[in-house]
Each structure stands twice: as structure tokens, then as C-alpha cells.
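Reviewing the structure listed below.
The values are calculated or read from the model by the stated rules, or taken from the named source; none is laboratory data. Every value quoted in this text rests on a predicted model; they were computed, and no experiment measured them. Note that each Cβ is placed from the backbone with ideal geometry, even for glycine, and that neighbours are counted across all protein chains shown. Just the protein is used for accessible areas: all its heavy atoms, side chains included, with ligands, DNA and RNA removed. Shrake-Rupley method; radii C 1.70, N 1.55, O 1.52, S 1.80 Å.
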Amino acid sequence: MNEALPDVPEVRVVGLPQLTSGFDLVDRLDLPMHLKVHGPLEPLGGEQLAQLAERINLRGRGGAGFPFHKKLRSVAETAIKRGVRPVVVVNGSEDEPACRKDTVMINRAPHLILDGALLCAEAMGARTLVVGVTRESTQRSMEAALAERGLNNGRRSALRARVQRNPVRMVTGAAASLIRSIDGGPAIPPGRKTSASKNGVGGAPTLLSNAETFAQLAIAARIGPERYCNTGLYDEPGTVMLTVSGAVARPMVIEAPTGVPLRYILQLAGAPPVPQGVLTGGYHGKWIDAATVNEAIVSRNSLDAVGGALGAGAILPISQDTCPLGESLRVAQWLAEESAGQCGPCYLGLPAAARGLEDILNGGGPAALEAVKQVAKNVKRRGACSHPDGSAMFLESTVKAFTDDLAAHVLGNGCGRPVAGVLPLFEGGRAPTGIPGGGGEENGPSRQKIFVDWTLCRGHGLCADILPEVFQLGADGFPTVAQAQVPRFAEAKALRAVRRCPALALRIEEGAPQAKAPSRNLPVLSQGRGRRALGR
């Protein structure tokens, strides 16, 4: 699979439906059908709403999992203290290629989301509601839902509601990016950490959560906390929406109670009986191996306990006949391209980490592995948003989960398996720059190798300053590699390092041109001799 999932894939339910009630009747629940299926909804006071969210242990379903009742109280308290009206924002900017649960909800049950958002707006006295989306289908569905409620024209209601459409990018879904775009700026993080609860849209305290969170609140408000908690686990009650793709027969969105075995969810989608690994939580998530899959159940705590993550609810198995490091490289390169370009850890660190993983696949040895680990460590907790942290977590998880394959690439000639491209990434089959066959030359293979003459090197360290993509200094202050392939994008810097070395200890040698991979949309992996995962 080298294409993005459809906006509205197949939807399945385990047990009784809650969020997906009525999906078997119509493709989209308009307002009359929504009321027939779910019934009317009575308003609640602010503290009542917070207590409800606390009793059902409702956490944000966008990935971070922050307790919703704490966010609700924080916004209300700040609004009262400052004497201003808060703003409510629904984040439907589902821009990760492996996630479709919020997109499905907005397309098929937009009024359930609006129910939860309007409950919060009325309880806190908000007069502004904004729904952030990035897809044409979600924009159309939500604008139609606002019109059905008479909320598309401020003259008919005290509440002003509108849809904010942003470009499809990974960083667009960040809370700070969405708030910035609502205020008229670009849909990228502002370069500094902010708290929406304190200073959000227009400087007002803002209640921002993703679409599923508001829909879950609307269900709980209708059926009450006792009945809501009868479904799922006692400490994580209710259902969760999961997007299952990767090496499956049928990509789908599944509503399931917490506590369902993960292997059952995989079976529903037609995953391999014994997957090589399962990426949990999406591309800011973590891999778990086949043995761990049998232990895991669908819940935040359970997945955390086995080294996985619920995250944004994306579940992606891969089969035994594909190279897991090659699959992960495609994602790592995409994550690097999704940088907002505003801070070094993201703009420089993520491409360096992706190049390091590529070096491992192409026989870079232990030095390449250590370089990837070091870059991932340096990226964490230093970015202006959560994108570097999530990407670093994905890279570290890849290195930990596939130790046998890692050893085959680091210590041998590779695992010998191709990359099937089963992790969905690109619209219309477009391959990213820098992946073999993707049309990118800047990150392609170079004909240059750089060498260190140990008889001359005096440990000045200038090479590591000029060319950190290749040289790292060891504890003794000397470079950790004696020779290395120069990435094409770094050829000019390599020449500069040679010229500036005070001891004249560096030299560059030109090799024969490497064969260019066939022009295809998928990475073409060697199945013959050499067995290096990228077929180089």
C-alpha cells in the first residue's frame, strides 16, 4: 500500500455501538436522524460537566491523553478570573496518514461532536466555537451540520460557529498551530510553548480537544456515568475509535470497548496471524513485537505497560516478509519532511535521524546505529512543539523492537527482505523526496567517501563541527569512524571539512556512480546478493 487511506474507510463495531450508532442506517446522520438515533440532550452546568468527565475518566483522544475534566476546569477558572468569555475549539485536523477515526466521525456523525462542543460552550458561557479541519470532505460535512443547526449565521444565534480549514500537514494538528491559524496566522506552531487553557484564540482561555473527545462527552451526558462505565474497563470505561491499517486485508475504523484483546482487533481487519510487529499509536507511537501482541489489550494503560501506546488510536501491523527497518525508514523520512522548520531539533535533528537509519540499512555498521541513538536523544524535549518528541519516540522504538533485523543490518549484509510499503503515507501514491524511486536527488547516494588518516589526526574536532552528519567525537575527543559515505546533500560541507582540518588528516575519494533505483512509487529492495534493505 503506497497511498493514503480513504477519508471514510470501512467501519466495524465490537459489541454495542455508541459513537457509531446509526451507521448501519445511513451514511451520514443529519440532524433529524441524529436526534432519532441519540435523542435530545439536556444542558449541564459547568461543574456538572466537569464531574461527569471526571467520573468516566475521559481523556483527550488526540494522542496526549490529558484528563478532560482538568482542562475544562482550568479554562473555566481562567475565564472567571480574567472576566472574559472562553472559546471552544474542536480539533478535527487529522493529518497523520494512518489515522481516520475523527475524519469518519466528522463525515458520518458531525452532530454528536457538536453536541459535546455545544455542551461545553453553554456550560462555560462561550460565544465562539471553531471546528478545525484539513480535508474537503470534513469541511463540507461540518459546515452542513452547522447550517442544519442554524449556527452558520451569527445573527440567528448568540454563538458564533465556523469551520477553519488548514493544509494537510502533520504539524497542523498541533493545538498551537490550530489556534495560530484561527487568529489569522500560518498553521504552524508559534515557536514557543503556550497553554491554550490560559492564552488561546485571541488571547482568551480556550477549551481545545479532538473530535472524538467531544463525541464521547455527548454520549456520557445522554446515558449517564453509570451506564457509560458499564462498557469497557473500570479504570478506562467506554469505547475507543481505532484506525487499523498496514498489512491488513481491509483497512478500517473500529469502535471497540476498552479491554478487548488487541489480537482480536487485528483479526477483524485481516492482519497476519503472527505479525512481525505492530505499530501502536501511529507515527508518533511505538512498536510492539509479535509475542507482546498476545498480551496487549485495547487500553491506554495496557499498551503503555507492554511498551506500546494508544496515542491517536492507529494500529498498524506488518508481516514477516517485509523489512521492518525499511518500513520505518519511509515513515522517518516523511516525519522529517513534515517539520515546520522553526527549531533545530526538528529542522536539523529529524532529517539527521532519518539519514542515520538509512545508513544502518546501507551497511553503516555500529557507528551508524550509535549516531541514530544519539540524534534521537538530542532531539527529545528540545523542540517548539511535540513533533520532534513523537518522532524521536518512534525512532527509538524501532531500534528497540527489531533487534534481530537491526543486528542483521549492522553486523551483516542485511535481512534480505524487501520493503512492501505497507504503512500508508502519501496522497495519490506520491513517494517522498529522498526515498529510492521517489525522485529526490538531494538525499540520494553520493559517490564520495571521506577518510580519516589516524597518523595525522590530532583530535581538533573541527570535522564534527562542520560535518556532524558523518563525524561524531568519542570520549577521547577523536572521530568515532575512520571512513564514511558522504550523503549527497553534505558534499559541500565534506569538502569544507577537508580544507579546514588543521592537521590535514581528512581526504575525499570519488567512487564509481551507484546505480539509480528504478523509478517507482515504492522503495525497491534487493532480494539478491548484498541483501541491503534499500537495494543499493
For this session: Tell me, please, whether a residue that is open to solvent by 20 Å² or more (accessible area, probe 1.4 Å), assigned to a loop (DSSP other than H, G, I, E, B) and among the basic types (Lys, Arg) can be found in region 47-67.
Result: yes
Problem set entry | Qualifying positions in region 76-96 - crowded, with 24+ Cβ neighbours inside 10 Å and farther than 14 Å from residue 62 by Cβ | 86, 87, 88
Problem set entry | Test for residue 375: is it part of a helix (DSSP H, G or I), touching a residue at least 24 places away in the same chain (Cβ under 8 Å) and open to solvent by 20 Å² or more (accessible area, probe 1.4 Å) | yes
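Based on this model, can you work out whether residue 143 counts as open to solvent by 30 Å² or more (accessible area, probe 1.4 Å), in contact with a Pro (Cβ under 7 Å, 6 or more places away or on another chain) and either closer than 22 Å to residue 52 by Cβ or in contact (Cβ under 8 Å) with a residue 12 or more places away in the chain (or both)? Talk me through it step by step, then tell me what you get.
Working: open to solvent by 30 Å² or more (accessible area, probe 1.4 Å): yes; in contact with a Pro (Cβ under 7 Å, 6 or more places away or on another chain): no; either closer than 22 Å to residue 52 by Cβ or in contact (Cβ under 8 Å) with a residue 12 or more places away in the chain (or both): yes.
Taking the combined requirement at face value, the residue does not satisfy it.
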Problem set entry | Residue list for region 273-320, restricted to those being part of a loop (DSSP other than H, G, I, E, B), among the aliphatic types (A, V, I, L, M) and open to solvent by less than 10 Å² (accessible area, probe 1.4 Å) | 296, 298
Seminar exercise, completed: Checked pairs for region 31-42, first outside any helix (DSSP H, G or I), second of a type in the set (Asp, Glu) and open to solvent by less than 40 Å² (accessible area, probe 1.4 Å), C-beta under 6 Å and 6 or more apart or across chains, list as 41/115
For this session: Please work out which one of (1) closer than 19 Å to residue 119 by Cα; (2) without any contact (Cβ under 8 Å) to a residue 40 or more places away in the chain; (3) open to solvent by 10 Å² or more (accessible area, probe 1.4 Å); (4) hydrophobic (A, V, I, L, M, F, W, C) is the condition residue 249 fails and give its number.
Result: (1)
For this session: Please specify each residue of region 397-418 satisfying the condition of being surrounded by 20 or more Cβ atoms within 10 Å (Cβ to Cβ) and among the basic types (Lys, Arg).
Result: 417
